[in-house]
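Enquirer: Dropping a structure here in structure tokens format, bear with me for questions.
Here, each number is a calculation from the coordinates, and none is a lab measurement. Treat the numbers as computed from the prediction; the structure is a model and nothing was measured. So basically every Cβ, Gly included, is an ideal-geometry build from the backbone, and we count neighbours across all protein chains shown.
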Amino acid sequence: MLARRVVGLGSRVSTIRDGLRWELDLQEGIDLAIYLFGMFERETVMACRRWIKPGDVVFDIGANVGAHTLQCARSVGATGRVMAFEPTQYAFTKLVRNVACNPELEERVVAEQVMFGEKPGERIPSLLYSSWPLMGHTQVHDKHCGQLMGTEGAQSTSLDSYVERTGIKRVGFIKLDVDGHECAVLRGGSTTLKRDRPVMVMELAPYVLGETGTSLEDLCAILSCQEYRLADMTTGHHLSLDPRELKQMIPDGCGVNVLALPI
């Protein structure tokens, strides 16, 4: 950033990375990762490419700026759709902008400022984490360093209610990253999961689950009840659904992305 300032450049850039066009703020963690490495969370991107099939309907729940939305839109092909859900006004605005930067993919994406919960119409928190500033901010989460952003304009529903209302015949794949609200999303999508058996990529972060009043034990119980198993996202190797064993592989203040596969 110092070098950019010296030559009269700011933190905002329009760029092409991995064949996708982006409007990025280099003072944001996700944006900077895309700028430097071409993508955010490479293992997640590779898993999406492996498991998403042309024609699939993909749910990107917790889409943020669209880091995985656009990658998924390429994978679903011309006959597929990506439903991208982001409740904070800050990240949703950036999501819409990045989708619009890629007109060849834009028609495949439906972006909604929506938060999924256990039931339709539940109260949405007025603030949620959706910004990861890299400098100059003191009021950030003490572990993941996220900054709270407002949810003005967001709507609340459940996954099942949304699928029924929109008439989606089959959800083929779900990327789920909602900073501790995973249990509510999965409970509110039990009918869809039972009907469609989508492959899921999701984050396991015990400390943020605890901050929302749930636990890794709750999450594992839900997955077990819905007849899902966990697997390593890179190797595909089986992972235990025993929360005690999972906690041993996740340091405090950290999270890991895993596959959730229907049994």
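Enquirer: Amide H neighbours of TRP132 under 5 Å, counting only residues 5+ apart in sequence or on other chains, H built in-plane at 1.01 Å?
Expert: GLY29, ILE30, GLN147
Enquirer: Show me, for the range 249-263, the HN-Hα J-couplings you get by feeding each phi into the Karplus relation (A = 6.51, B = -1.76, C = 1.60, θ = phi - 60°), rounded to Hz, glycine and proline as x.
Expert: Karplus values, whole Hz, x for Gly and Pro: 9, 10, x, 4, x, 10, x, 10, 8, 9, 8, 10, 10, x, 7.
Enquirer: If you don't mind, another one. To two decimal places, what compactness ratio does the range 40-262 give when its Cα radius of gyration is scaled by 2.2 N^0.38 Å?
Expert: My calculation over the Cα atoms of the range 40-262 gives 0.96.
Enquirer: Could you work out [θ]222 nm for the chain from helices alone, using -39500 (n - 2.57) per DSSP H run of at least four and dividing by all its residues? Round to the nearest 500 deg cm²/dmol.
Expert: Dividing the helical sum by the residues of the chain leaves -9000 deg cm²/dmol.
Enquirer: Sort GLU86, GLU245, GLU118 by Cβ crowding within 10 Å, fewest neighbours at the top.
Expert: GLU245, GLU118, GLU86
Enquirer: At 7 Å along the Cα-to-beta-carbon direction for both SER240 and CYS145, put a label point, then send me their distance in nm to one decimal.
Expert: According to this spin-label approximation, the distance is 3.2 nm.
Enquirer: What list do you get for ARG21, ARG5 if you sort them by fewest beta carbons within 10 Å?
Expert: ARG5, ARG21
Enquirer: Taking the Cβ of SER224 as the center, what net charge do the other residues with Cβ under 12 Å away carry, scoring Lys and Arg +1 and Asp and Glu -1?
Expert: Charge balance in the 12 Å sphere: -3.
Enquirer: To check you understand DSSP bridge types, tell me what percent of the beta bridges within the chain (both residues inside) are antiparallel, rounded to 5.
Expert: Antiparallel bridges: around 55 percent, rounded to the nearest 5.
Enquirer: Separation between the THR166 and MET249 pseudo-spin-labels, each 7 Å from Cα along Cα→Cβ, expressed in nm?
Expert: 3.1
Enquirer: Order of 6-13, 249-256, 70-77 by packing, highest average Cβ count within 10 Å first?
Expert: Top to bottom by mean Cβ count within 10 Å: 70-77, 249-256, 6-13.
Enquirer: Efficiency by 1/(1 + (r/R0)^6): what FRET value for THR15 and VAL110, r their Cβ-Cβ distance, R0 = 25 Å, to the nearest 0.05?
Expert: The computed FRET efficiency comes out at 0.50.
Enquirer: Quick one: Karplus J couplings for the range 166-182, per residue in order, coefficients 6.51, -1.76, 1.60, θ = phi - 60°, nearest Hz, x for Gly and Pro?
Expert: Values per residue, Gly and Pro as x: 8, x, 5, 7, 7, 8, x, 7, 10, 9, 10, 8, 10, 6, x, 9, 4 Hz.
Enquirer: Still on this structure, please answer the following. So for GLU104, GLU122, GLU41, fewest C-beta neighbours within 10 Å to most, what's the order?
Expert: Least to most surrounded, the residues fall as GLU104, GLU122, GLU41.
Enquirer: Please state the relative contact order of the range 40-262 as a whole percent: Cα pairs under 8 Å, 6+ residues apart?
Expert: 18
Enquirer: Determine the percent antiparallel among the DSSP beta bridges restricted to the range 1-149, to the nearest 5.
Expert: For the range 1-149, the DSSP antiparallel bridge percentage is about 55.
Enquirer: Further, regarding this structure: So what J values fall out for the range 92-107 if you push phi through Karplus, 6.51 cos²θ - 1.76 cosθ + 1.60 with θ = phi - 60°, rounded to Hz, Gly and Pro as x?
Expert: 4, 4, 5, 4, 4, 5, 5, 5, 5, 5, 10, x, 5, 10, 4, 6
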